[in-house]
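A short reminder: the numbers here are calculations on the coordinates, not readings from a lab. None of the values given here were measured: they were computed from a predicted structure. Positions of Cβ are generated from backbone atoms using ideal geometry, with glycine treated the same way; all protein chains shown enter the neighbour counts.
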Amino acid sequence: GAVVSQHPSRVICKSGTSVKIECRSLDFQATTMFWYRQFPKQSLMLMATSNEGSKATYEQGVEKDKFLINHASLTLSTLTVTSAHPEDSSFYICSARGGGRGYTFGSGTRLTVV
Amino acid sequence: GDSVTQMEGPVTLSEEAFLTINCTYTATGYPSLFWYVQYPGEGLQLLLKATKADDKGSNKGFEATYRKETTSFHLEKGSVQVSDSAVYFCALSDRTNAGKSTFGDGTTLTVKP
């Protein structure tokens, strides 16, 4: 149990376009999900906490208008990178809390903006 | 605020060697401690965890003991394999900080045959 599916695993988009990343808890309900960003050879940096039915809480320095988070149901949170630029290229990972196993991470999304 | 300090890498070992990756932490409350493993191109997988002082987490031959007196959670394995080559992250989750996870910088382990 406690599986988190993240989609897509890889995406390449043109500069100026928007990209949506989905994070689903497959077999448990997650009232709270977390979005992280990981630069090459670096650790994970928390971007925001996604709360079902309410606004996300963003970490200091993260632009909420650029990284839109929607947590419309107990099993789905989405991160939309709006007007993406090459500097947004990174590895994005979500995690969900629940299912009796604490935090479960998705497999990550490699975003490349060209 | 909470922080995790992890042994710098990269670490290169021969197969069957003993592994230690040091991890120390600072936290305002009583955190749970975790080790995650990340294989190339993949997300994080929970390797083991400990939720209170003196607990020992173990999985796949890896062990770590929650030492409150030294604020440490060192990862050990008695005999590493080539398949253990990955990046290892020490992390904590603190309920007094809304349960957010704080990660160390990661340690890259390469095991050579």
(request) Using only the alpha carbon atoms of the protein assembly as shown, find the Kirkwood hydrodynamic radius as the inverse mean reciprocal pair distance, in angstroms to one decimal. (result) 18.1
(request) For segment B:7-113, calculate the relative contact order in percent as a whole number, restricting contacts to Cα pairs under 8 Å that are 6 or more residues apart. (result) 36
(message) List the chymotrypsin sites (Phe, Trp or Tyr not before Pro) within segment B:18-47 that DSSP assigns to loop and that have no more than 14 neighbouring Cβ atoms inside 10 Å.
(response) B:Phe18
(message) As a test of understanding, state the convex hull volume per residue of chain A from its alpha carbons, in Å³.
(response) 91
(message) As a quick test, which of the pairs A:Lys41/B:Lys68; A:Lys14/A:Lys41; B:Lys56/B:Lys100; A:Lys20/B:Lys52; B:Lys56/B:Lys112; A:Lys20/B:Lys56 have an alpha carbon distance above 32 angstrom in this structure?
(response) A:Lys20/B:Lys52; A:Lys20/B:Lys56
(message) Give me B:Cys90, B:Cys23 sorted ascending by neighbouring Cβ count inside 10 Å, so fewest comes first.
(response) B:Cys23, B:Cys90
(message) What distance in nm separates the two pseudo spin-label positions at A:Arg110 and B:Thr70, each 7 Å out from Cα along the beta-carbon direction?
(response) 3.8
(message) Nothing charged except the Cβ atoms of Lys and Arg (+1) and of Asp and Glu (-1): what's the magnitude of the dipole of the protein assembly as shown about its Cα centre? Round to the nearest 20 debye.
(response) 440
(message) Let's see if you can work this out: charge +1 on each Lys and Arg Cβ, -1 on each Asp and Glu Cβ, no other charges. What is the dipole magnitude of chain A about its Cα centre, in debye to the nearest 20?
(response) 200
(message) How large is log10 of I(q)/I(0) for chain B at q = 0.11, 0.16, 0.18, 0.24 Å⁻¹ when the intensity is taken from the Debye formula with one equal scatterer per alpha-carbon?
(response) -0.32, -0.66, -0.83, -1.39
